[in-house]
Structures are given as structure tokens and as C-alpha cells.
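Engineer: My questions all concern the structure below.
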Amino acid sequence: MHPAANTPPTPGDVLPDHPDFLWRNPDPKPSYDVVVVGGGGHGLATAYYLAKNHGITNIAVLEKGWLAGGNMARNTTIIRSNYLWDESSGIYEHSLKLWETLEEDLDYPILFSQRGVLNLAHSLQDVRDSKRRVYANQLNGIDAEWLEPDEVAKVCPIVNVSSDVRYPVHGATYQPRAGIAKHDYVAWGFARRANDLGIDLIQDCEVTGIDISDGRVTGVRTTRGRIAAGKVALAAAGHSSVVAAMAGLRLPLQSHPLQALVSELLEPVHPTVVMSNAVHVYVSQAHKGELVMGAGIDSYNGYGQRGAFHIIERQMAAVLELFPVFARAHMLRTWAGIVDVTPDASPIVGLTPVRNLYLNCGWGTGGFKATPGVGWCFAHTVATGEPHPYNAPFTLSRFTTGALIDEHGAAAVAH
């Protein structure tokens, strides 16, 4: 319940109540027109747009755990579109525009807050790279600005812009339309609308094999039996290489733990989102009041959903230099998601050598912000058998043709 109008707000009082009904829990049918492997944000969004935009409703979304319990529940919810290259800014800006009307589209609160995102520059090379990205963004019609240190302090007064620190702030890129959303509400919104459109959302159903005949996918084997499928769309995030291997595909991916943490609940103190590639950290304040901090990836490959303590310890020490006001905040919880990373730090979205088998993976740290955009484009690809113009450059074949899209410099953290 919301407090009375004359009662001071308390952390979390803006959150809507938990819904009474979420979605059906059906048993899988023997066959579907489309099977989506992965019940995270991308899988749910793909299923929703297949039904909404293309009229395909005989769809099953298969999730080995519970819906949106993987990376969707383990990210830091930052949304922005200020990537360097035309291909990247195109699909991320398409996604950002969908975010701006997604709450009305899903008829569900997602708490999208356009509070702006700062990307700090700590060296002369950072400044050069950041300004280059701002100019590229402006040419693509994206709301990107370069801010000097005093302007950074006006946007976010709690950032330490003193020159006498280990990571001095020489300026920052700023995208005012960027922001955050509440990740579980986003998943619930897509799942409820997909359920309303007749899509089967099947939890506790792990895919154990992919059946192929004459070069064409014919179905999947699962822990709940075989399911025939006209088309299969893979959206398994950090486990994509494992699932794709079932179809004989060896993907250019490495999976790493990516750590994050939350603090205790605090009064509103952090008005925007601050990221730093050099420090490898990003910080926002969630709707309930907790600080949400993301760290860098652990260097080793793995599928464990926790990372090494020394990684997060070193990065949080750097955070305290940027935000001295957080020195006495208590960390409550840490976790890791499993990010799948390609050699050029850009995703793979499109067709595979197996007919009617489609691939969406390799998003690294960019998966959450792309959720509606890639759902829209991947649905188009699956429905028509042809890539959407926004995901056409992100082919699997670019790793043999050399047409790479190098976004290492614009990723949230270097990877």
C-alpha cells in the first residue's frame, strides 16, 4: 500500500503490489510451430513478438529452471544505446525506443526510469575514446553529450571529481534518455502477455538434445519428453555454447562469471547511473533504495553463479574513491551471472547452418538493455527466415568473413 500523501516516503514504497496471477504452468504438448529454448528476457520477448507481430501463437518457451531465473535475475538493469558502431547503436537504439513505450505495450509496470547514464573518463586516452563515441552517437541521432568534470558534478553531486585520487575524473559521456528498469517486472510483463496470447511457458524443462534430419531441425529432447518443432530458437544466454553443441555447432563464445552486489536500503542519494570502464564498475540506486553495483568479469571460464572475492574486493575499493559517501554502506548480497562473450564483444543473432534453427547469444554485458529490441528482431528472423535489418550484421559467419563489430571500448566493462 502506498503511504498517505502527507507521510514521508520510505524506500520501496513506489513498488506496485505483487500480482495475484502470473501465468499458466502447462505440460508440454507433443509438437509446436516454434520452440524457444531459454525462458529469460530474450526468450520471453521473442515469444511475445512472434505472437504479437507475426500471429504465431503455437509456441513453447522451455526453461530448465524457473522463468527469468538466470541472467535476467542477475544483471544490474542498465539501459542505454550509446554504442560506438552503427550496427550496435542501431539495434540498441531500436531497443531503447521500445523501452520508452514498453509499459503501455505490456500493460504492466516495469518501472523504467530514464535518469541518464554517465560513462566516466579517467585518462587522456579515455577522453579521446569517449569523445569519439559521442561524435559517432550524435551522427546516428543518439542523445549523447560530453561533460567536463564540473558538469559531471552537477549531474551526480556524489561523484568525487577531485584531481587528488587514484582515478581522477577527466569528464564523461552522458546519455540523458538512458536509465534502469526493474528486471523481474519486465520478465513478468512479457510472460503475462505471452501467456495471454496462448503461448506455453514451460518451466523445469531442460533441453538435453536437438534432433536434426536432412540438415533441418525437427525437435528437441527434454527432461519432460521429446517435443517436435517446426523451428527452434536458441536464447540460452551463458549456456548457449552448451545448447548449440547439441546441434553440432561450435560457437566462438567464452562464458565467464560477471559479479554484482547490492547494499542495504538507503535514502535516495544517487540520481543517475555511473559507469567506469577503467575501474570496471557501474553503480545505480534501485527503486527500493539499495545501491546496485556491477563489477568486472572473472577471467576464468565457468558456469558457477558466483565469482572470486578478490575481484569484487578490488573493484569496490575503487568505487569508494569515486563515491566516498558510500564508505559506511553495508553490502548485503553478491552474486554472479554467466555472460557469454564473443571475440568482438558483439552478439550473434540470426540463422545457423542448420535449417530452421536460429541463434541469439553472445551479448556479454549488453543483454538486459537489448531485451525488447532483440526480441522484436529475433522474432522477425524466426518468423520470416530472414534477418531483420537491425540484426543482419550480427551473423555467425562474420567470424569467418572478418566483418567484425568491435565493441570492446563501449561495453559496460572491458571483456
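The values are calculated or read from the model by the stated rules, or taken from the named source; none is laboratory data. A quick note: this is a predicted structure, and the numbers were derived from the prediction, not measured. Cβ atoms come from the backbone with ideal geometry, glycine included; neighbour counts cover every protein chain shown. For the accessible areas, the whole protein counts, side chains as well, though only heavy atoms, and no ligand, DNA or RNA atoms are used. Shrake-Rupley method; radii C 1.70, N 1.55, O 1.52, S 1.80 Å.
Engineer: Scan the range 259-273 and give yes if some residue there is touching a strand residue (DSSP E or B) at 6+ places or on another chain (Cβ under 6 Å), open to solvent by 10 Å² or more (accessible area, probe 1.4 Å), of a type in the set (Val, Ile, Thr) and not in a strand (DSSP E or B), otherwise no.
Structural biologist: Looking for residues that are touching a strand residue (DSSP E or B) at 6+ places or on another chain (Cβ under 6 Å), open to solvent by 10 Å² or more (accessible area, probe 1.4 Å), of a type in the set (Val, Ile, Thr) and not in a strand (DSSP E or B), one finds none in the range 259-273, hence no.
Engineer: Do you know which residues across the range 286-300 are surrounded by fewer than 22 Cβ atoms within 10 Å (Cβ to Cβ) and either part of a loop (DSSP other than H, G, I, E, B) or polar (S, T, N, Q) (or both)?
Structural biologist: Across the range 286-300, the qualifying residues are 287, 288, 289, 298, 299, 300.
Engineer: Sticking with this one: Pairs only if they're at least six apart or on different chains, beta carbon under 6 angstrom, first in the range 216-239 and open to solvent by 10 Å² or more (accessible area, probe 1.4 Å), second charged (D, E, K, R); list them, first residue then second.
Structural biologist: 216/355; 218/211; 223/206; 230/33
Engineer: Scan the helices (runs of 4 or more DSSP H) fully inside the range 83-181 and keep the ones with 2 or more residues being over 23 Å from residue 324 (Cβ atoms) and either at pLDDT 95 or above or open to solvent by 40 Å² or more (accessible area, probe 1.4 Å) (or both).
Structural biologist: Details: elements: 86-106, 124-139, 149-155.
Answer list for the range 83-181: 86-106, 124-139.
Engineer: Considering the range 384-395 alone, what residues qualify as being open to solvent by 40 Å² or more (accessible area, probe 1.4 Å) and part of a loop (DSSP other than H, G, I, E, B)?
Structural biologist: Of the range 384-395, the ones open to solvent by 40 Å² or more (accessible area, probe 1.4 Å) are 384, 386-387, 389-390, 392-393, 395.
Matches in the range 384-395: 386, 387, 389, 390, 392, 393, 395.
Engineer: Still on this structure, I have one more. For the subset of the range 328-360 comprising residues that are at positive phi and of a type outside the set (A, V, I, L, M), which member is least open to solvent (accessible area, probe 1.4 Å)? Reasoning before the result, please.
Structural biologist: So the first thing to find is which residues in the range 328-360 are at positive phi, and the list is 345, 350, 356.
Filter once more, keeping what is of a type outside the set (A, V, I, L, M): 350, 356.
Values: 350: 5, 356: 35 Å².
It comes out as 350.
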